Structure formats: C-alpha cells, structure tokens
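Worksheet: one structure, shown below.
The values are calculated or read from the model by the stated rules, or taken from the named source; none is laboratory data. Just so it is clear, the structure is predicted and the values come from calculations on it, not from any experiment. Virtual Cβ from ideal backbone geometry, glycine too; neighbours counted across all protein chains shown.
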Amino acid sequence: MEESRLLRPVAHRVLAPQLWRFTRRSVPRGVALGMVTGILFPVAQIPFSAMLALPFRANIPSAALTTFITNPVTTPPLWVAAYYIGKWTLHLDRALPGDPMQDAAVNAAQSGWMQWLMSDAAPATALGLLIVTAVLSLAGYGLSMLGWRLWIARKWRTRHNRHYVDEASQGDRTPPSIS
C-alpha cells in the first residue's frame, strides 16, 4: 500500500499502528463508529467506517466488523422499529388521520405508495434511524468498554492466582533435613 502511486499520499495515515492495535480506547470507538456507518450508510459501509476511523483514531478492524450488525436479517426489523420510533417522536398519529402503515396498502393499490413514502414515512423513518443509531452506538461503546474491563480484570485475576499457586507449590519443596 505504501508503494502504490495512488495511495501513497494517505498510506502513512492508513497504516498508522494505533489504528490497527486493539486498545481499551480505540476498540470502543471502532464499535461505535461501526454501528453508525452500519446503520446510516446503506452501501459501502466498510470503506466509510475505515475512512471515518482515521480522524477519530478508532480501531479499523472493530469498526469494519461492527458494520455487519446490519444484514438482510436485521435490517427490515431495524427499519420498521425506526419508523415506529420516528412516528412516535413526531406524533404523526395526532397530525394525520388514521395509521400511515394501514394506509400504505391502499396507497400501494392506487400506485400512490411513492408519495406516501416520501410524505409520511420518510421523515419518521429518518428521525427513527438517527435515534436508533445514537442509542445503539452509545450502547455498543459502553458494552465494549465494559467487556474490555472485564476481560482485563479476568486476565489480572488469573495471573494473580497463578502467582499464588506457584508460591504455594514452591513452599512444599523444602529440602530434606540431614540428621
């Protein structure tokens, strides 16, 4: 990558070791960034997360892997939840008579579904996606920080117990007394 003529101007930034090391600060940043790009960007999520990891000093592998939170199985429920959260936030039930989701079948039959999508569903879904993204990225950041702390605490506890086991086993090896 350093030798590529096209990538040479940015290679020193992309190959910076702090972007590839797994540290207690860079991994949670990468997880949160991966959540944001995974939910808000429908295409090219991994390149976007890698590019955004540079200014935020986030771990690139964790950011890239976290974008897989959205996949063909999880995306439809996420978008439906985003629509309902946005609809609840914008109070669309009070502003519009009837339920826009029930009216969607009628509008689709009348070929007016695109107008319904752009006028009623789009603002609610966009706001819902922003709210879901904020909540999930903060939760991912917090959980990855907590997971990191628990993992390090377990390593220290294991090391501490191993040290005491070694001392106890050496205490049993007293040289035989000569009488």
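Say whether the condition of being crowded, with 16+ Cβ neighbours inside 10 Å, at pLDDT below 60 and more than 30 Å from Ser26 (Cα to Cα) is met by at least one residue in the stretch 117-135. No, because not a single residue in the stretch 117-135 is crowded, with 16+ Cβ neighbours inside 10 Å, at pLDDT below 60 and more than 30 Å from Ser26 (Cα to Cα). Quick check on Thr23: is it in a helix (DSSP H, G or I) and modelled with pLDDT of 70 or more? No: the conditions fail for Thr23.
Specify the residue that is surrounded by the fewest Cβ atoms within 10 Å (Cβ to Cβ); the eligible residues are those in the stretch 56-94 that are part of a helix (DSSP H, G or I) and modelled with pLDDT under 85.
Per the criteria, the residue is Arg94.
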